[in-house]
Amino acid sequence: LQTWNRLVAKVLLPRFEADPGHAQRFHAEARIMSRVSHPNIVEIHDWGTAEDGRLFLILERLRGKELSALIRENGTLNPRVTRT
């Protein structure tokens with residue numbers, strides 16, 4: 001496992017944990033994404049249930065701007081253009 005400064009946790013919010021559908025989709029996302037390896041897809045390093053019962057994913061941390069910021073600055077984005 002890489003050092004923590006290169007990783008980020010995604011946790012299912014408590015208000016969604018009570019809904020079995022949300023929990024199932026969260027687990028499905030983890031299972032599917034943990035099998036995918038591609039330069040344009042965030043890598044999942046770990047996933048599961050924490051001691052307090054919260055569902056989590058440990059993902060690689062990306063550098064760059066948030067999508068919402070890019071859209072505010074540039075308007076509609078062309079999906080064929082690669083931005084760094």
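The values are calculated or read from the model by the stated rules, or taken from the named source; none is laboratory data. Keep in mind that this is a model prediction, so the values were computed, not measured. Cβ atoms come from the backbone with ideal geometry, glycine included; neighbour counts cover every protein chain shown. For accessibility, only protein heavy atoms count, side chains too; no ligands or nucleic acids. Shrake-Rupley method; radii C 1.70, N 1.55, O 1.52, S 1.80 Å.
Which of rounded, prolate, oblate describes region 1-53, given a ≥ b ≥ c as roots of the alpha-carbon gyration tensor eigenvalues and a/c under 1.5 marking rounded, otherwise prolate only if a/b is larger than b/c? Walk me through the intermediate numbers first.
Working: a/c = 2.52, a/b = 1.47, b/c = 1.72.
Oblate, because a/c is 1.5 or more while a/b does not exceed b/c.
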Per residue solvent-accessible surface (Å²) - the chain, probe of 1.4 Å: 83
Cβ-placed point charges (K, R +1; D, E -1), dipole of the chain about Cα centre in debye, nearest 20: 400
Taking the dipole of the chain about the Cα centre (Lys, Arg +1; Asp, Glu -1; charges at Cβ), the one of S34, G21, P79 that reaches farthest to the positive side is P79
Just to be sure I understand the model, the point goes 7 Å from the Cα along the line to the Cβ. What's the resulting N74 to E17 distance in nm? 3.8
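If each DSSP helix of 4+ residues adds -39,500 (n - 2.57) and the sum is divided by the residues in the chain, what number results at 222 nm, nearest 500 deg cm²/dmol?
Working: 3 runs with 27 residues, N = 84.
Rounded to the nearest 500, it is -9000 deg cm²/dmol.
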Relative to the first principal axis of the alpha-carbon coordinates of the chain, what is the inclination of helix 20-34, with its axis defined by its Cα atoms, in degrees from 0 to 90 and to the nearest 10? 60
